Amino acid sequence: MGTLPPFPPLLLLVAVIFSFLSSSCFAVTSHEAAAIARRQLLNFEKHGDHVHIDIDIEIKVSNPRLAAAHRALHALKRALYSDPGNFTGDWAGPDVCAYNGVLCAPSPDNASASAVASLDMNAADVAGYLPREIGLLSDLAVLHLNSNRFCGVIPEEVANMTRLYELDVSNNRLVGAFPGAVLRVPELSYLDIRFNDFDGPIPPELFLRPYDAIFLNNNRFTSGIPDTIGRSTASVIVLANNDLGGCIPPTIGQAAATLDQFVFLNNSLTGCLPLESGLLANATVFDVSHNLLTGAIPATMGGLAKVEQLDLSHNTFTGDVPGDVCGLPALTNLSVSYNFFAGEDAQCSSALLDAKLDKSLEDEANCMGNVRPMQRSAGECAPVVSHPVDCSKTKPCGWPAPAKKPAPESSKHSPPPPPPPAPIFNCSTLDSSYGLLRKIRSAVNKLLKQMTKHLSGSVVGP
């Protein structure tokens, strides 16, 4: 067999160039995007970037607030390495209030002076990183950067945005631990960092901030849900599509006054549903599907008076679906599919299967035999149904053991205290029926007579 002729150097160069171009033209996978972002993270310091950015200092801006904003916006523009839609094309000159995506308003402490109040770059498709100078936008109330290709970390200087009310950096390629700088923004109410590549634990301080909405879904957060979640003032808490484990904290019931949407689907949560879940009387959405939850559905879930969407599917729940759950007054969609329920209360079929009521029940892939369609086989059900989890005995993610009933009282009044112990000699203990007192009295009389005779001299000797 003959050898192949040598590959011409020019064709080799063309092949290399073509392979580079073709690989850059196709979308990368999420895994590749995460790897690219992580490599990018290596180029940043802990508190932001270390890249020197040249700012045109010849442009004079008399308003010091707008001058700071000018520096911040031009630092951001130079931190972009791709702007295919030319979103920042008009970011030139001293009038930052005329820049695309920028909104100015009277300064909160000086109505005669303007300040940059909002920066909206949603869906601009820009690529780059967030420079430290972005913290110079200290008057910003709204920062919307979602659906772009920002990578790297959120710089610590974001904490200087003391008037920031809404922060949305969702759907980017941001990495690293939870951005602690946002916890130091005093006025922040709306936090949306979903669809990024943040990882590590969720800090307990998150739920101590006065937020109204918290979106952390579709990241790579791990560890457990902090107990402080019960102290959150948020109406919406979405932690879906992460890798959170452990129990749903019983403290969740403490958020009953404010929590409207409770979305924890597609994590690795274990144990039983806490009894306190039923205290969320104002919740309209309760979704814990696609987890590893076990045990029976607590009867307390009948307290979800306003819930419209209740999704318990894709867990390992057992027992029967309670009638109090099926009969919730506002319920329109109930999904209990892909569990190991052995049956349903009769109220489930009457309340949720009537098409006229515009309600739906999804209960396939359970262990209800021929009672309901599309159920698991007996062989698939047996290992789980024959060993149901007793939530009252499950630690640490179970229910508290029922309190023992106190012993019934024999009377309404406390019994009298026992008498004190008798003294060594007590005359009251002598029984006169035996003549003891008479014997003592007779002996005393004889002794008195002898003493009298002795004193009168009639008795000689002792």
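Points to keep in mind about this one:
- For Ser360, the amide hydrogen comes within under 5 Å of the amide hydrogens of Asn333, Leu334, counting only partners 5 or more places away or on other chains and with H modelled in the peptide plane.
- HN-Hα J in Hz across the stretch 288-297 - Karplus 6.51, -1.76, 1.60, θ = phi - 60°, x for Gly and Pro: 10, 5, 6, 10, 10, 6, 9, x, 8, 7
- A simple rule links phi to the HN-Hα coupling: the Karplus curve 6.51 cos²θ - 1.76 cosθ + 1.60 with θ = phi - 60°, which for the stretch 364-372 gives 5, 6, 10, 10, 9, x, 8, 5, 10 Hz, with x for Gly and Pro.
- Residues Met161, Met374, ranked from the fewest to the most other C-beta atoms within 10 Å, line up as Met374, Met161.
- Once backbone amide H atoms are built at 1.01 Å from N, Met368 has Arg376 as its partners under 5 Å, excluding neighbours fewer than 5 places away on the same chain.
- Summarising the amide proton neighbourhood of Asn242: residues at separation of 5 or more, or on other chains, whose placed amide H is nearer than 5 Å comprise Asn218.
- Virtual paramagnetic centre 7 Å along Cα→Cβ of Val142, amide N under 20 Å, in the stretch 95-112: 96-109
- Once both labels are positioned 7 Å from their Cα atoms along Cα-to-Cβ, the gap between Glu362 and Ser349 label points is 2.2 nm.
- Computed label-point distance, nm, for sites Ala177 and Ser268 using a 7 Å Cα→Cβ extension: 2.0 nm
- Whole-number percent relative contact order across the stretch 127-211, with pairs defined as alpha carbons under 8 Å at least 6 apart: 27 percent
Read the figures in this text as sums done on the coordinates, not as results from a lab. Model, not experiment: these values are computed from the prediction. Note: ideal-geometry Cβ built from the backbone for every residue, glycine included; neighbour counts use all protein chains shown.
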